[in-house]
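Notes follow once the structure below has been shown.
No value in this document is a laboratory result; all are computed from the given coordinates. Bear in mind the structure is a predicted one, so any value in this text is a computation, not a measurement. So basically every Cβ, Gly included, is an ideal-geometry build from the backbone, and we count neighbours across all protein chains shown.
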Amino acid sequence: MNASEPKRATGKQQGIQSIEIGGSVLRALVSSGRPAMLKDIALMSGMPPAKAHRYLVSLQRMGLVSQDLESARYHLGPFALTLGLSALASLDPIRLANPILMNSVMKSAWASGWPYGEVVVPPSCAM
């Protein structure tokens, strides 16, 4: 499962189905990669256009979706941007990159025939 896929509930947890359906509409819009027409969003989210439209109206009211008045195509709205920026701000890029960087350093040291013995990794940088 990747980050863009929904997490499936395990056990007896109950959720709110309408939010999950709205999430499928948002997921369809994101996966299109560009502003999309109602019929395409409906097709990608597996629902009739009338139902998709009702969800899009609610998502617009929340600022998660916007509609271009000239083309009638839907795209992510300002609150979607705020959510994305908030998620990015909560990441710790040093912690996330550390295992990749350390692996790269170790491989580079080995491949270069590092002549100075072992590569010492400070505890603060260890995986």
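For LEU43 and ILE19 in one chain, what is 0.36 nm times their gap in residues minus the Cα-Cα distance, to one decimal in nm?
Values: separation 24, 0.36 × 24 = 8.64 nm, distance 1.83 nm.
Answer, rounded to one decimal: 6.8 nm.
Couplings 3J(HN,Hα) for region 54-70, derived from phi with the Karplus relation 6.51 cos²θ - 1.76 cosθ + 1.60 (θ = phi - 60°), are 4, 5, 4, 4, 5, 5, 5, 4, 8, x, 7, 9, 10, 10, 6, 5, 6 Hz, where x marks Gly and Pro. Counting Lys and Arg as +1 and Asp and Glu as -1 over every other residue whose Cβ lies under 13 Å from the Cβ of SER32, the net charge comes to +3.
Extending 7 Å from Cα along the Cβ direction at ASN98 and again at MET62 yields two label points whose distance is 3.5 nm. The modelled label-to-label distance for the pair ARG27/ALA87, using points 7 Å beyond Cα in the direction of Cβ, is 1.2 nm.
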